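First comes the structure, then the notes that go with it.
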Amino acid sequence: MPSGQLTFRPRTVQTVAMLIAVPLFCALGAWQLDRATAKRVLREKLDARWDAPAVALPARPDWEALEHGRVSAAGQFVAEHQFVVGDRVRQGRRGLHVLTPLRDATGRELLVDRGWVAAPVDATPPPDGPVTLTGRVALPQPPALELGPAEPASDPWRAPWSRLDPGAYARVAGVPPLPAALLLDPDQPGGFARDWPRPTGGLAPALHVGYAVQWFAFALIALLLWLRHATRRPDAPGSPA
């Protein structure tokens, strides 16, 4: 064999490691591309729902299909069951959200988030008489770690609640409300500060594409390292036999 000629002599352990790593990294990259596609479809659906005009609240709503969309609801506020949810942050300031139930002609109660106030004294009573409102459907999410009931131990119509919980409202008011809340539109009267955030659906699709590129790069690096160690000069000093 001529001096200095390269030979291809892959080692068993390195080859097995490469055969595991490269398909694994490629699979993770493909999974991230699938996630990017799913997030793109989700964002398009959320954008279409957010920009759609308000529809009348159905008698039997499909809440998941209505979430983030705009609906109109008619009824009368139940002022005596108004309450506030504490520890709500708006533009860097802590305050409260004012929740007032709206009772329709059938007796259903829909919790209406009328917006943010700085202190309980600012939570003025709702308008009297029949009203027709528009707002966005929000599905209250349970906390990751539940440390206690949502309602305060005493004076629930004055003391701040820890979170919005329709089940807690049913315990206190004795009336089970609808499982969703209505985020009152900013142009509707009878509300407070309101600037509801547009849903994003989590990480941006471009981030998932970036993660996919990283995994594919890892696969290429693993393959190149394997080729580098499998291709040797047998007569080089210190080279293994």
Please report the Cα spread of segment 6-137 along all three principal axes, rounded to whole Å, starting with the longest. 90, 35, 23
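Tell me, what % of the accessible area of segment 151-232 is carbon and sulfur with a 1.4 angstrom probe?
Values: 3000 of 4450 Å².
Carbon and sulfur: 67 percent of the exposed surface of segment 151-232.
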Label-reachable residues, segment 175-213, where backbone N falls under 19 Å from a point 7 Å from S72's Cα toward its Cβ: 182-191
Keeping the other protein chains in place, figure out the carbon and sulfur percent of the accessible area of segment 4-131, with a 1.4 Å probe. 59 percent
Segment 112-177 versus segment 22-67: alpha-carbon centroid distance in Å: 28 Å
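So what is the orientation-averaged projected area of segment 64-134, using the convex hull of its C-alpha atoms, in nm²? Let's see the in-between values first.
Working: hull surface 22.7 nm².
Convex hull of Cα atoms, orientation-averaged projection: 5.7 nm².
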Once the Cα gyration tensor of the chain is diagonalised, what are the square roots of 5 times its eigenvalues, in whole Å and ordered largest first, as equivalent ellipsoid semi-axes? 61, 19, 15
What is the helix-to-structure angle for 12-51, meaning the angle in degrees between its Cα long axis and the longest Cα principal axis of the chain, kept from 0 to 90 and rounded to the nearest 10? 30 degrees
For segment 106-241, give the share of DSSP beta bridges that are antiparallel, in percent and rounded to the nearest 5; count only bridges with both residues there. 60 percent
Express in nm, to one decimal, how much length is gained between R228 and V55 on full extension, taking 0.36 nm for each residue of separation and deducting their alpha carbon distance. 55.9 nm
Average accessible area per residue (Å²) across segment 78-150 - probe 1.4 Å, nucleic acids and ligands excluded: 52 Å²
On average, how much accessible surface per residue is there in segment 6-76, in Å², for a 1.4 Å probe, leaving out ligands, DNA and RNA? 64 Å²
List residues of segment 58-77, by number, whose backbone nitrogen lies under 15 Å from a label position 7 Å along Cα→C-beta of W157. 77
In nanometres, the difference between 0.36 nm per residue of separation and the alpha-carbon distance of V89 and L220 is 42.6 nm
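Using the Kirkwood formula on the Cα atoms of segment 117-241, what hydrodynamic radius do you get, in angstrom to one decimal?
Values: mean 1/r = 0.0476 Å⁻¹.
Roughly 21.0 Å, rounded to one decimal.
What number comes out for the charge environment of M18, summing +1 per Lys or Arg and -1 per Asp or Glu over other residues with Cβ under 15 Å away? Walk me through the numbers on the way to the answer.
Details: positive: R9, R11, R228; negative: none.
Once positives and negatives cancel, what remains is +3.
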Length released on extending from T12 to V175, taking residue separation times 0.36 nm less the Cα-Cα span: 51.6 nm
Output the 0 to 90 degree angle, nearest 10, between the alpha-carbon long axis of helix 205-230 and the longest principal axis computed from the alpha carbons of the chain. 20 degrees
Compactness of segment 1-83 - radius of gyration and Dmax, Cα, Å: 29.2, 97
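The values are calculated or read from the model by the stated rules, or taken from the named source; none is laboratory data. Values in this document were obtained by computation on a predicted structure and should not be read as measured data. Glycine gets a Cβ as well: all are built from the backbone with ideal geometry, and neighbour counts include every protein chain shown. Accessible surface areas use protein heavy atoms only, side chains included; no ligands, DNA or RNA. Shrake-Rupley method; radii C 1.70, N 1.55, O 1.52, S 1.80 Å.
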